[in-house]
Amino acid sequence: MYPFSFTKAANTREALNAGRSGGRYIAGGTTLVDLMRETVERPGTLVDISGLPLGEVTVTERGGLRIGALVSMSEAAAHPTVRTLYSVVSEALELSASAQLRNMATIGGNIMQRTRCTYFRDVTADCNKREPGSGCAALRGHNRTHAILGTSDDCVATHPSDVAVAFAALEASVHLLGPDGERRVPFSDFLLKPGDTPNREHALKQGELITTVEIPPLPRPLRSGYLKVRDRQSYEFALTSAAVALHVRGGVIREARVAVGGVGTVPWKLPAVEQALIGVRPSDRLWAEAARHAADGARPLQHNRFKVELLQRTVERQLRVVGGMK
Ligand code: SF4
């Protein structure tokens, strides 16, 4: 571990001042401390923001939901409003990490967590994300768990968050506060595909803080849920996952929200699957036909070709479950 200084922000102004001067924000610390131990991250100053008033879950006037950046994963998962209105969010959180980690980790930290690519965490390996221009060891290495969607010639790492997949499906937005004031970024623009700058992972500017994640109101009744496929049933990252929300009225699907995880360099929305569902009566045939679009544009690697079919099957199964035809 490298030497660093540590300061606790008493209020938002103090946090922003420290962030503007190059301090790194820390709350639960469940990812950042690991990365510091492994010397992948070497911040000079840590700014503890755990005392800021960002720990509320509130229903908006329009009937949407705001989850404060410092709400823990376990608090968000158990919150009655989240469970009732957006069960896909609760399920994604409960299938993440371990109970101990969910008690410590925050919503803001969860969506900011960095990839689990083993080469990224091995400081002796070539990795464009950790050290721009050094190469990508995963391209010709062991890439079974890597991405098949949104990849580039410079990086094929997946984004590891489960709840980010639910947020992407529900078309959430991220509220930010920085030296220049407040702004709101659609979730689809918040996490960045690698392109030729895989070291740039998000839309945050220097010193900006995530304050809340807002989920827009959705038509009721809404059935939603999250399916995670992984090598073992607990404390493991997704090989594939699917977040699905459906609004069915008069026997016809009126709204559909679908995103997938474990396969994209960012949480991956599936507009072609959504379009195939809207305006159609649920049926076994419909789920299968819509899910066929799940891997459109996939570029599998040597060891992860299996993800193409696994992804289609994951989406079909979760459409069937959420659609009420198990
Ligand atoms: Fe680094 Fe990305 Fe390649 Fe992994 S996939 S080694 S994170 S550049």
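The values are calculated or read from the model by the stated rules, or taken from the named source; none is laboratory data. In this text the structure is predicted, and so the values were computed from the model without any measurement. As a convention, Cβ positions derive from the backbone with ideal geometry for all residues, glycine included, and neighbour counts pool all protein chains shown.
If you go through region 139-150 and keep only what is in contact with a strand residue (DSSP E or B) (Cβ under 8 Å, 6 or more places away or on another chain) and within 9 Å of the ligand (Cβ to nearest atom), you end up with just ALA147. Taking the conditions exactly as written (without any contact (Cβ under 8 Å) to a residue 40 or more places away in the chain and in a loop (DSSP other than H, G, I, E, B)), does VAL280 satisfy them or not? Yes; evaluated as a whole, the condition is true for this residue.
Consider region 53-69 and keep the residues that are surrounded by fewer than 21 Cβ atoms within 10 Å (Cβ to Cβ) and in contact (Cβ under 8 Å) with a residue 60 or more places away in the chain. The one that is nearest to GLY108 (Cα to Cα) is ARG66. Scanning region 98-125 for residues that are surrounded by 21 or more Cβ atoms within 10 Å (Cβ to Cβ), more than 16 Å from the ligand (Cβ to nearest atom) and either at pLDDT below 95 or not aliphatic (A, V, I, L, M) (or both) yields a total of 5.
Here region 126-137 is the region considered, the condition is being under 22 Å from ALA164 (Cβ atoms) and in contact (Cβ under 8 Å) with a residue 24 or more places away in the chain, and the residue that is farthest from the ligand (Cβ to nearest atom) is ARG130. Looking at the structure I just gave you, is ARG232 in a loop (DSSP other than H, G, I, E, B) and either of a type in the set (S, T, N, Q) or without any contact (Cβ under 8 Å) to a residue 40 or more places away in the chain (or both)? Yes. Of the residues in region 184-211, how many are free of Cβ contacts under 8 Å to residues at least 24 places away in the same chain and either in the same structural domain as VAL244 (by TED's automatic domain parsing) or charged (D, E, K, R) (or both)? Residues that pass the stated criteria total 2.
Inside region 250-268, can you point out the residues that are surrounded by fewer than 24 Cβ atoms within 10 Å (Cβ to Cβ) and not in a strand (DSSP E or B)? Scanning region 250-268 gives GLY250, GLY251.
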